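Undergrad: Below you will find the structure I want to go over with you.
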Amino acid sequence: MTLKTPEAQYRGASLPERAEVVVVGGGIVGASIAYHLTRRGVTDVLLLEQGTLTGGTTWHAAGLVSQLKSSHSLTKLATYSARLFESLEDETGQATGYRTPGSISVASDEERWEEILRGMSMAKTVDVDMEIIPVERAQEFWPHLNIDDLVGAVYIPKDGQTSPVDTTMALAKGARDRGARIVEGVAVERLRVENERIVGVETEQGYVEADAVVLATGMWTRHLAETAGVSIPLQACEHFYLVTEPLDIAPGTPTLRDPTNYTYFKEETGKIMAGFFEPRAKVWKLDGIPRDFTFGTLPEDWDHVGPIFERSIHRVPILGEVGIQLFFNGPEAFTPDGVYYLGEAPEVDRLYVAAGFNSVGIQSAGGAGSAVADWIVDGHSPSDLSAVDIRRTFPFQSERSYLEDRISESLGLLYAMHWPFRQYESARNIRKSVLHDRLDELGAVWGEVAGWERPNWFALDGMEREYEYSYGKQNWYPASAAECKAVREGVGVFDQSSFAKFTLTGPDALAVLNRLGSADVDTAIGRVGYTQWLNDRGGIEADLTVTRVAEDSFLVITGAAVENRDWHTLRRAARGRDCALENITHDLPTIGVMGPDSRSVLSQLTDVALDNEGFPFSTSQEIEVAGIPVRAMRLSYVGELGWELHVARDRAVELFDAVMAAGEAFGIKPAGYHTLNTLRLESGYRHWGHDITDEDTPIEAGLSFTIAWDKEGGFNGRDVLLAQQAEPVRVKRMVQFKLEDPEVIVYHDEPIYRNGELVGRISSGMYGHTVGSCLAMGYLVNDEGVTNDWLESGGYEIEVANVRVQATYSLRSFYDPKNERIRM
């Protein structure tokens, strides 16, 4: 087999002095962005490719166009690609080679089968046609398939295959026909930034001014972005596939996936292509990719890929009998979490990213190109794309040592089991709380978020301090149940040091924060305000607290995972204003003391009155606890009486020891983040990125109580929310659910049915130990209104692994529905 490489068609053209948008990178993603920009009416587009179109990694891609991904939002992007490719050839007159032979996924154990079935349920929320087929029928599609150990198979009839080169050329032609300019053989050497905004690109043939620049530069992206001071954590890895000699296989045979054996199989002109996602990958060229690596390949490595090839022979035995025509090894870009990057770089305005596609660039290119084009034209993402948003990353992830360790694992996880709560094993211990050693002594079992080592649960006596993963009740459930009981009935302690903390100080600080957020933070000094930062469309960009610590000084506290995102949101809002922003996350460890006995414990350690009169809910005071200065906040994300104690790093361990000693008589227990998640769901508290996103409004999410409609100066999205508030009915509404079968657990994206009709999907779920069943949240949608009458007249089911489970709905939390316990 000879891989197809195109002739250069766009060399020799002179560079313009400026372009409205410069797209850097001529692979399928860059071509798709140019194509979609011109479809949106932006025709002054310049696409620059340092070599020849497709010459980076597109040319050697397998060309698979699968629709089903790990989440609702990613599946929507992939299904758009499939629809686009169906019509692209007719539109442009350029052959693409697109066809829809379908795909088959097989499972050889019950755990993998459940994963596939859960994916099948999620597929129904995005109209992906998918069916269970007998394994014998799978063998009819694939006569060379060994079915002896299979427990199940599914078929997606509309999954496709395409020619990566031809499809790229069709996208390029479509863009060019509408006015875009494409220039090959010109490398961009640096990005030029002025006043935190991209202004152009410096090429080997001169400077080109631009209003916006897109980096669709694959494995070259990290190093090019560094020239603008932008962090884009990705790294090239070697990726292997082989192609057999000709054999007896029918044209149009569906793609076959056997994830348990890390292999996909594709019919390729009368041969079999077998591609591998081995558990530990080989990182390539950490220090930079040569610019002249065009249509490049890497040496064979049978020692590395041989064990996976042996497993593929088990599934398709003829591979052990037929000759190998091609052993291919080519690099592709992978990211630390196995999900690609889209969106505006947080550090530089109007610099956009579309890179790190983790071997799914072909199937993602259509949706990604459309999304980025919309982002550029409209100034915001077209839908909730938080899963792929570049703002989810952190600068430390671009460090070479981190990438070398983590990327090797993340590639292998593409075909591994996608267990709930699965923890990365590589690149750990990047950020540690000062309480780490104390918590470790108490039996902490560690998870990682944003580089932070955080205790997810504390092992009981006799328990192994490790996860046993499943889709049901995992081995740590008894430990978490004990932690929940302590917090609900006595007192528990949380290490909340990983929560991000920013200070904004100066004459304009109040105006900046009030413009961003729904709540009015022009309050008494010491008041803690719960607020959502909003966009111009009324969508929720952040969910956090703002404490007024002085007349012109405020403390912002938000989640660890969104530290980078929220930091840059606030930095941009404060730019040019008379105020100073500082990140004090590492300087201010936080100990949460939560539960009905929290007041009794802390009262032993302070002379300050902690009753409702002396220390009301949602207030903050600088006090001494055990003789240690702290900022105490009476808050709760668990639905119980409690305080957060913010303390200097050098006194945190001392404070922790004092709290634990004072709480001993009350049966105090350390509690982990699994317990935190359970308790917040029991109490009906939303979580940003799951239950609330930038396409959900506070009104839809049941958070309109935070909105200060008439505050001075208004706030982002006010007019949109006023119009929504005036509507006679709500067509979209957040609702909570309790599953009637206590053994079934939901996590996210499961379909919700009302009287047999699909009306929504789950945003988050967790077992509620206090109520004895799994609890979940999700939005219901009804064009005629999600009214109380409509809700009450329906019967509800949530589909889990292709089985519908009865559920009870509620507009209030299932635990303490009046939210009284936090004000005890």
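The values are calculated or read from the model by the stated rules, or taken from the named source; none is laboratory data. Since we're looking at a predicted model, the values are computed, not measured. Note: ideal-geometry Cβ built from the backbone for every residue, glycine included; neighbour counts use all protein chains shown. The accessibility values were calculated without ligands, DNA or RNA, using every heavy atom of the protein model including side chains. Shrake-Rupley method; radii C 1.70, N 1.55, O 1.52, S 1.80 Å.
Undergrad: Anything in the range 233-271 that is hydrophobic (A, V, I, L, M, F, W, C), within 30 Å of E347 (Cα to Cα) and either open to solvent by 10 Å² or more (accessible area, probe 1.4 Å) or not in a strand (DSSP E or B) (or both)? List them, or say none.
TA: L234
Undergrad: For V434, are the conditions met, namely being of a type in the set (V, I, T), at pLDDT 95 or above and over 16 Å from the mean Cα position of the chain (by Cα)?
TA: Taking the combined requirement at face value, the residue satisfies it.
Undergrad: Here's a follow-up. Of everything in the range 738-761, what is touching a Pro at 6+ places or on another chain (Cβ under 8 Å) and aliphatic (A, V, I, L, M)? Give them in sequence order.
TA: I745, L758
Undergrad: Is it the case that the range 63-77 has a residue that's in contact with a Ser or Thr (Cβ under 9 Å, 6 or more places away or on another chain), of a type in the set (S, T, N, Q) and within 18 Å of V746 (Cβ to Cβ)? Lay out the reasoning, then the answer.
TA: At the first step, the residues of the range 63-77 found to be in contact with a Ser or Thr (Cβ under 9 Å, 6 or more places away or on another chain) are 63-69, 72-77.
This time we only want the ones that are of a type in the set (S, T, N, Q), so: 66-67, 73, 75.
Restricting the remaining residues to those that are within 18 Å of V746 (Cβ to Cβ) gives 73, 75.
Yes: one or more hits.
Undergrad: Here are some residues: G185, G160. Which one is touching a Lys or Arg at 6+ places or on another chain (Cβ under 9 Å) and on the phi < 0 side of the Ramachandran plot?
TA: G160
Undergrad: I would also like to ask the following. So, E664, is that one without any contact (Cβ under 8 Å) to a residue 24 or more places away in the chain and open to solvent by 50 Å² or more (accessible area, probe 1.4 Å) or not? I'd like the intermediate steps shown before the answer.
TA: Values: without any contact (Cβ under 8 Å) to a residue 24 or more places away in the chain: yes; open to solvent by 50 Å² or more (accessible area, probe 1.4 Å): yes.
So E664 passes the test.
Undergrad: Determine, yes or no, whether T52 is in contact with a strand residue (DSSP E or B) (Cβ under 7 Å, 6 or more places away or on another chain), buried (at least 20 other Cβ atoms within 10 Å of the Cβ) and over 20 Å from R257 (Cβ atoms).
TA: Yes, satisfied.
Undergrad: Continuing with the same structure: Looking only at the range 126-137, how many residues end up being open to solvent by less than 30 Å² (accessible area, probe 1.4 Å) and either touching a residue at least 40 places away in the same chain (Cβ under 8 Å) or part of a loop (DSSP other than H, G, I, E, B) (or both)?
TA: 3
Undergrad: Just for the range 317-334: of the residues that are open to solvent by less than 20 Å² (accessible area, probe 1.4 Å) and of a type outside the set (F, W, Y), which one is nearest to P395 (Cα to Cα)? Reasoning before the result, please.
TA: Of the range 317-334, the ones open to solvent by less than 20 Å² (accessible area, probe 1.4 Å) are 319, 328-331, 333-334.
From the residues that got through so far, the ones that are of a type outside the set (F, W, Y) too are 319, 329-331, 333.
Details: L319: 44, N329: 30, G330: 27, P331: 23, A333: 18 Å.
That would be A333.
Undergrad: Between a residue in the range 700-720 that is part of a helix (DSSP H, G or I) and any residue that is among the β-branched types (V, I, T), which pairs come within a Cβ distance under 7 Å, given they are 6 or more apart or on different chains?
TA: What qualifies is T706/T531.
Undergrad: Then there's this: Tell me which residues, restricted to the range 55-78, are over 22 Å from P101 (Cα atoms) and modelled with pLDDT of 95 or more.
TA: G55, G56, T57
Undergrad: Could you pull out the residue among L145, L88 that is open to solvent by less than 10 Å² (accessible area, probe 1.4 Å), hydrophobic (A, V, I, L, M, F, W, C) and part of a loop (DSSP other than H, G, I, E, B)?
TA: L145
Undergrad: Further, regarding this structure: Of the numbered conditions (1) of a type in the set (D, E); (2) under 27 Å from Y241 (Cα atoms); (3) touching a strand residue (DSSP E or B) at 6+ places or on another chain (Cβ under 6 Å), D109 fails exactly one; give the number of that condition.
TA: Going through (1) of a type in the set (D, E); (2) under 27 Å from Y241 (Cα atoms); (3) touching a strand residue (DSSP E or B) at 6+ places or on another chain (Cβ under 6 Å) one by one, D109 breaks only (3).
Undergrad: While we're looking at this one, here's another question. Please specify each residue of the range 297-306 satisfying the condition of being surrounded by fewer than 17 Cβ atoms within 10 Å (Cβ to Cβ), touching a strand residue (DSSP E or B) at 6+ places or on another chain (Cβ under 6 Å) and either part of a helix (DSSP H, G or I) or β-branched (V, I, T) (or both).
TA: T297
Undergrad: Across the range 149-164, what is the number of residues that are out of contact with any strand residue (DSSP E or B) (no Cβ under 7 Å at 6 or more places or on another chain) and surrounded by fewer than 24 Cβ atoms within 10 Å (Cβ to Cβ)?
TA: 4
Undergrad: Could you grab me the full set of residues in the range 631-644 that are open to solvent by 10 Å² or more (accessible area, probe 1.4 Å) and in contact with a helix residue (DSSP H, G or I) (Cβ under 7 Å, 6 or more places away or on another chain)?
TA: Hits for the range 631-644 are S636, Y637.
Undergrad: Considering only residues of the range 201-227 that are assigned to a strand (DSSP E or B) and over 32 Å from the mean Cα position of the chain (by Cα), which is surrounded by the fewest Cβ atoms within 10 Å (Cβ to Cβ)?
TA: Taking the candidates together, the pick is G206.
Undergrad: Between a residue in the range 221-238 that is farther than 18 Å from Y402 by Cα and any residue that is of a type in the set (D, E, K, R) and outside any strand (DSSP E or B), which pairs come within a Cβ distance under 7 Å, given they are 6 or more apart or on different chains?
TA: Between residues of the range 221-238 that are farther than 18 Å from Y402 by Cα and residues that are of a type in the set (D, E, K, R) and outside any strand (DSSP E or B), the close pairs are G229/E347.
Undergrad: Follow-up question, since we're still on this one. Quick test of your reading of the structure: A31 fulfils all but one of (1) in a helix (DSSP H, G or I); (2) at pLDDT below 95. Name the failing condition by number.
TA: The number of the failed condition is (2).
Undergrad: In the range 410-425, how many are crowded, with 16+ Cβ neighbours inside 10 Å and either free of Cβ contacts under 8 Å to residues at least 40 places away in the same chain or part of a helix (DSSP H, G or I) (or both)?
TA: Result for the range 410-425: 3.
Undergrad: Look at I407 and say whether it is buried (at least 24 other Cβ atoms within 10 Å of the Cβ), closer than 21 Å to R428 by Cα and at pLDDT 95 or above.
TA: So I407 passes the test.
Undergrad: Go through the range 603-630 and count every residue that is of a type in the set (A, V, I, L, M), surrounded by fewer than 17 Cβ atoms within 10 Å (Cβ to Cβ) and touching a Ser or Thr at 6+ places or on another chain (Cβ under 9 Å).
TA: Looking only at the range 603-630, we keep the residues that are of a type in the set (A, V, I, L, M), and these are 605, 608-610, 623, 625-626, 628, 630.
Those left that are additionally surrounded by fewer than 17 Cβ atoms within 10 Å (Cβ to Cβ): 608-609.
Filter again for touching a Ser or Thr at 6+ places or on another chain (Cβ under 9 Å), leaving 609.
Matching residues across the range 603-630 total 1.
Undergrad: Given the conditions (1) out of contact with any His (no Cβ under 9 Å at 6 or more places or on another chain); (2) surrounded by fewer than 21 Cβ atoms within 10 Å (Cβ to Cβ); (3) at pLDDT 95 or above; (4) farther than 25 Å from L150 by Cβ, which single one is not true for H314?
TA: Result: H314 fails condition (4) only.
Undergrad: Another question, if that's okay. Please work out which residue is surrounded by the fewest Cβ atoms within 10 Å (Cβ to Cβ), limiting yourself to the range 376-404 and to residues that are under 18 Å from the mean Cα position of the chain (by Cα) and polar (S, T, N, Q).
TA: By that ranking, first place goes to S383.
Undergrad: Residues that are assigned to a helix (DSSP H, G or I) and open to solvent by less than 70 Å² (accessible area, probe 1.4 Å): does the range 176-193 have at least one?
TA: In the first step, residues of the range 176-193 are kept if they are assigned to a helix (DSSP H, G or I); the result is 176-177.
Restricting the remaining residues to those that are open to solvent by less than 70 Å² (accessible area, probe 1.4 Å) gives none.
The answer is no, given that none of the residues of the range 176-193 is assigned to a helix (DSSP H, G or I) and open to solvent by less than 70 Å² (accessible area, probe 1.4 Å).
Undergrad: Would you check which residues across the range 335-375 are β-branched (V, I, T), surrounded by fewer than 24 Cβ atoms within 10 Å (Cβ to Cβ) and closer than 25 Å to A170 by Cβ and list them?
TA: Of everything in the range 335-375, just one residue is β-branched (V, I, T), surrounded by fewer than 24 Cβ atoms within 10 Å (Cβ to Cβ) and closer than 25 Å to A170 by Cβ, namely V360.
Undergrad: With a cut-off of at least 1 residues that are within 30 Å of V243 (Cβ to Cβ), among the aromatic types (F, W, Y) and in contact with a helix residue (DSSP H, G or I) (Cβ under 7 Å, 6 or more places away or on another chain), name the strands (runs of 3 or more DSSP E) lying wholly within the range 307-391.
TA: Numbers: elements: 324-334, 341-344, 351-355.
Qualifying strands (runs of 3 or more DSSP E): 324-334.
Per-residue answers, yes or no, for (1) outside any loop (DSSP other than H, G, I, E, B); (2) surrounded by 21 or more Cβ atoms within 10 Å (Cβ to Cβ):
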site: E464; (1), (2): no, no
site: S470; (1), (2): no, no
site: Q474; (1), (2): no, no
site: S480; (1), (2): yes, yes
site: K485; (1), (2): yes, no
site: R488; (1), (2): yes, yes
site: F502; (1), (2): yes, yes
